[in-house]
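Below: the structure, in structure tokens.
We did not get these values from a lab; they are worked out from the coordinates using the rules stated. These numbers come from a predicted model, not from an experiment. Using ideal geometry, Cβ is built from the backbone for each residue, glycine included, and neighbour counts are taken over all protein chains shown.
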Ligand code: F6P
């Protein structure tokens, strides 16, 4: 019997409720949790038994996760549809290839010197970081995360969307003379970034040559844009956009928080690379994150996963993971071109405790079951110890409530004790009942510093990779974003020049409506 079939059988046979699993095994929490550096991960509230874990591990072995992991760190061209190696671990020193190591080291030296010089000169007050997708979400997550360790030396603003509000808000109230604009785009061809870059260039005017730099893997395009090679920091086509925050893409963070903090981030990620490569699969954080997600998705039929960090400074984590996971593994074709099994669940979420007051009603009592990744931080970084305790209490309570639930009998006893009539109890009890048995993983960070953040992000990167191996898909391309971009190009010409292309009647009518609103024919 294949491991897949074995897992299917285990799921179909039904599992004891989580409450019973805990009641029947006093060691469950301990045996299903482990520590990796400053990160503690507790998988015991997942609906997994020892048999399920063994079968999932056998699946990982069968799919050659260990061998493919070695291929990743050896720099093999895993992104075969684009004929590219996948070397993001090399950006944090986890690579055996001397030539790549040198490229990375030289660029680190250059960005460090640039950041130090800017700090010494004291000319700038603000950095405006322009980029979108992988050139934006990672840096934004870091900008928030780093703030737990102190104030930035420079004000850091972001412009991502092609909506004019994005660049307008970013530039509002700034002085071009004291603003450094950093344009980040791997391709340097992304519409949103180019338009925002052009707007910033116009706004900078005579200051452009001193106050604008670019980070890109397409140096020629940045030169064509009008930048001097000395204003361009490169990264390489072997770094996927959503895996690129470790490269010069993180320049704005180095400028705002200093290169040392950025080095800590890289060291944290490198420590997770080492853990991923050496830890046994059952105590391997990326592997266990991947396997429990696969269990929920492919075998328990749970098609979304919420990411809820109980840390305001990690509030961008769910958006970051949305791109990392959904752009990487939102595929339906295997490496040999055939149809795949179900791949990535929908990833979504928001910061706790705010999320409790928005969508947790559905998590507790809705008809769909949504597994949750809870992320908590033990240390008080805000000099508000009472707030920290309240935040932690909320986080732990939610995972307990989702798992434990509240039976109708318990509710009836409570309502009776409150003196409600029998008919009121009958009417109210079903509404106040919680089914429970809803799975979650809790990740606890000892502190929110650059090192731990680096390790956490790297853990999710490797999780994505492990899942792609098991689903047999290419995690490193993103062809699915192209069709919409192409059509947008055609529609933009129609909006600008009144040209007409062939569309369905809905799209044609929408284009006409927009042209009319802009005063067109
Ligand atoms: O459209 C998707 C995408 O290509 C992402 O993969 C990428 O992170 C983003 O656009 C931005 O691309 P670039 O860095 O080339 O501007």
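Using Cβ counts within 10 Å as a stand-in for footprinting exposure, how do 421, 399, 185 rank, fewest first?
Fewest to most other Cβ atoms nearby, the residues stand as 421, 399, 185.
For a quick check: sort 384, 242, 47 by the number of other beta carbons within 10 angstrom, fewest at the front.
384, 47, 242
What ranking of 225, 22 emerges when the number of other C-beta atoms within 10 Å of each C-beta is taken as an exposure proxy, fewest first?
With the sparsest Cβ surroundings first, the list reads 22, 225.
With the calculation restricted to Cα positions, what are the radius of gyration and Dmax of the range 320-470 in angstrom?
Over the range 320-470's Cα set, Rg and Dmax evaluate to 20.0, 66 Å.
Round to a whole angstrom and tell me the spacing of the C-alpha centers of the range 118-189 and the range 433-490.
Comparing the Cα centres of the range 118-189 and the range 433-490, I get a distance of 24 Å.
Just to compare against my own numbers: the Cα pair-distance distribution for the range 171-220, 10 Å bins, whole % per bin, please.
Calculated over all Cα pairs of the range 171-220, the distribution is 27, 54, 19, 0 percent.
At 7 Å along the Cα-to-beta-carbon direction for both residue 416 and residue 379, put a label point, then send me their distance in nm to one decimal.
5.1
What number in nm² do you get for the range 105-266 if you take the convex hull of its Cα atoms and divide its surface by four?
So the Cα hull casts an average projection of 8.4 nm².
For residue 394 and residue 483 in one chain, what is 0.36 nm times their gap in residues minus the Cα-Cα distance, to one decimal in nm?
Between residue 394 and residue 483, full extension yields 27.8 nm more.
Which order do the peptides 334-341, 193-200 come out in when sorted by mean C-beta neighbours inside 10 angstrom, highest first?
Highest to lowest by the protection proxy: 193-200, 334-341.
Return the distance in nm (one decimal) between the two label points of a simple spin-label model at residue 518 and residue 117, each offset 7 Å from Cα along Cα→Cβ.
About 4.1 nm, to one decimal.
Give me the Kirkwood hydrodynamic radius of the range 462-521 in Å, from all C-alpha pairs, to one decimal place?
14.2
Can you list the equivalent-ellipsoid semi-axes of the range 302-396, largest first and in whole Å, using the square root of 5 times each Cα gyration tensor eigenvalue?
Equivalent-ellipsoid dimensions as semi-axes: 31, 16, 9 Å.
Please quote Rg/Rh for the range 418-466 to two decimal places, taking the Kirkwood radius as Rh and restricting both calculations to Cα atoms.
1.42
At q = 0.10, 0.12, 0.15, 0.22 Å⁻¹, what log₁₀ I(q)/I(0) does the range 1-106 have when each alpha carbon counts as one equal point scatterer in the Debye sum?
-0.50, -0.67, -0.85, -1.12
For the range 379-426, what is one quarter of the convex hull surface built on the Cα atoms, given in nm²?
Here the figure is 4.9 nm², rounded to one decimal.
Mind giving me the nanometre distance, one decimal, between the label points for residue 27 and residue 220, set 7 Å out from Cα along Cα→Cβ?
6.3
Can you tell me the Rg and the Dmax, both Å, for the Cα atoms in the range 222-355?
Cα-based Rg and Dmax for the range 222-355 come out at 18.3, 55 Å.
Across all directions of projection, what mean area in square nanometres is found for the Cα convex hull of the chain?
29.7
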